[in-house]
1. Working only within segment 159-168, note down all residues that are more than 18 Å from the chain's Cα centre (by Cα) and not basic (Lys, Arg).
2. Can you confirm whether segment 264-285 contains a residue that is of a type in the set (Asp, Glu), assigned by TED's automatic domain parsing to the domain that holds residue 309, closer than 24 Å to residue 188 by Cα and free of Cβ contacts under 8 Å to residues at least 60 places away in the same chain?
3. Among 189, 200, which is of a type in the set (A, V, I, L, M) and touching a residue at least 24 places away in the same chain (Cβ under 8 Å)?
4. Identify the single condition in (1) crowded, with 18+ Cβ neighbours inside 10 Å; (2) touching a helix residue (DSSP H, G or I) at 6+ places or on another chain (Cβ under 8 Å); (3) at pLDDT 95 or above that residue 79 does not satisfy, given that it satisfies every other one.
5. Which numbered condition in (1) under 30 Å from residue 227 (Cβ atoms); (2) in contact with a helix residue (DSSP H, G or I) (Cβ under 6 Å, 6 or more places away or on another chain); (3) of a type in the set (Ser, Thr, Tyr) is the only one that residue 109 fails?
6. With segment 225-320 as the region, which helices (runs of 4 or more DSSP H) entirely inside it contain at least 2 residues that are at pLDDT 95 or above and not aliphatic (A, V, I, L, M)?
7. Can you tell which of 190, 161 is surrounded by fewer than 18 Cβ atoms within 10 Å (Cβ to Cβ), farther than 24 Å from residue 218 by Cα and either in contact with a helix residue (DSSP H, G or I) (Cβ under 8 Å, 6 or more places away or on another chain) or modelled with pLDDT of 95 or more (or both)?
8. Output the qualifying pairs, or none if there are none: Cβ atoms under 7 angstrom, residues six or more apart or on different chains, first residue in segment 63-78 and farther than 10 Å from residue 91 by Cβ and assigned to a helix (DSSP H, G or I), second residue charged (D, E, K, R) and modelled with pLDDT of 95 or more.
Amino acid sequence: MRAISVDTAELTADRAVGLVAASDVRGEAGEAILRKGQVVTTGDVERLRRGRQTIHLIAPDPTDLHQDEAGRRLSAAIAGPGLEVKGPTAGQYSLVAREAGLLKVDAETLLRLNCVPNVAIFTLFDDQYVPVGEEVGAAKVVQLVVAASDLEQVETIVRERGAPLSVKPILSRRVGVLVRERLKPKPRARFQHAIQGKLAWFRSEIDLEEIAETDGDSLRALSGQIERGAAVVLIAGGAWGDPLDPAFVALERLGGQLERVGLPAEPGTLFWLGYVGEVAVIGLPMCALLAEAGIVDLIVAKLLAGEHVTNRELAGYGHGGLLKRYMSYRFPPFGHGDG
């Protein structure tokens with residue numbers, strides 16, 4: 001491309017038509033004649049010649065792309081499953097969730113793409129729960145005219161590594177909840193309301209059961225939940241620091257494996273995760289299930305999206321694991337509309 005400075009009195013159609021305005025151009029009365037990024041037409045030339053001023057135009061090379069076309073190709077390349085592209089607005093395209101689910105961001109691919117000249121892609125956090133219609137990212141080519149080779153580089157990276165953004169749907173699944181104490185009617189109703197409110201966001205069915213703190217009851221209850229098709233079983237209460245706690249005993253007798261005890265997050269430290277086959281079993285305090293939202297809800301969302309959460313992933317929650325009230329945007333907005 002070439003930048004051109006020209007006096008409008010000397011402007012001709014054969015010289016200016018097809019060029020791109022480098023900035024807004026206004027008439028003597030302040031009216032807009034050209035907007036930044038606008039492609040000059042014959043009519044524009046006639047209006048510009050009525051006044052006299054110096055304007056800046058960009059002459060694209062034959063292989064160059066206008067910002068809007070380049071942005072369209074960029075956003076189309078990076079939008080994976082579960083996303084739709086909207087725009088442009090001021091050269092920027094939005095990536096919007098087509099369905100409620102878990103936002104997946106490949107940070108390394110995103111980094112490589114943002115190293116390409118003139119490319120700017122910005123997103124919400126990886127593994128954030130997003131409702132339908134949520135803007136999860138945006139993309140913009142920052143220059144008004146760019147070389148087509150920039151976009152070819154983007155498309156090559158995506159071909160080799162896949163789209164960096166997608167939304168993984170939360171599956172409608174059965175969730176068992178085992179409460180390790182007998183609740184009176186009022187606390188039980190409050191507890192059930194809180195749990196149902198959360199799981200409704202995830203379109204999951206709840207199977208709530210109160211059990212005694214014995215090895216036999218824990219074994220029967222956990223086995224029963226698995227037989228009834230639970231994908232995730234939440235066990236509220238118990239002595240998570242005791243290796244002989246009935247929940248741990250039941251997990252072992254069913255052939256399960258303990259993935260991790262303790263979570264590097266506050267609140268959320270008192271937590272454990274195990275598996276019986278593909279069924280995830282989570283132990284946590286009752287207060288964690290009654291809380292509005294927290295780190296455990298992010299883990300449950302991953303499990304309900306069909307992911308197998310590992311010890312290494314849980315260890316990674318230490319970065320950003322000191323949770324403050326202003327960080328509530330990271331969690332599902334339970335009680336604030338539909339998921």
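The values are calculated or read from the model by the stated rules, or taken from the named source; none is laboratory data. In this text, all values refer to a predicted model and were calculated from it rather than measured experimentally. When we count neighbours, we look across all protein chains shown, and the Cβ atoms used for this are built from the backbone with ideal geometry, even at glycine.
1. Taking segment 159-168 as the starting set, the residues that turn out to be more than 18 Å from the chain's Cα centre (by Cα) are 159-161.
The one that is more than 18 Å from the chain's Cα centre (by Cα) and not basic (Lys, Arg): 160.
2. No, the conditions are met nowhere in segment 264-285.
3. Values: 189 fails: touching a residue at least 24 places away in the same chain (Cβ under 8 Å).
Selected residue: 200, the only one of 189, 200 that is of a type in the set (A, V, I, L, M) and touching a residue at least 24 places away in the same chain (Cβ under 8 Å).
4. Status for residue 79: all satisfied but (2).
5. Condition (1) is where residue 109 drops out.
6. Values: elements: 246-253, 286-290, 295-304, 311-315.
By residue number, 246-253, 311-315.
7. Details: 190 fails: farther than 24 Å from residue 218 by Cα.
So the residue among 190, 161 that is surrounded by fewer than 18 Cβ atoms within 10 Å (Cβ to Cβ), farther than 24 Å from residue 218 by Cα and either in contact with a helix residue (DSSP H, G or I) (Cβ under 8 Å, 6 or more places away or on another chain) or modelled with pLDDT of 95 or more (or both) is 161.
8. 77/155
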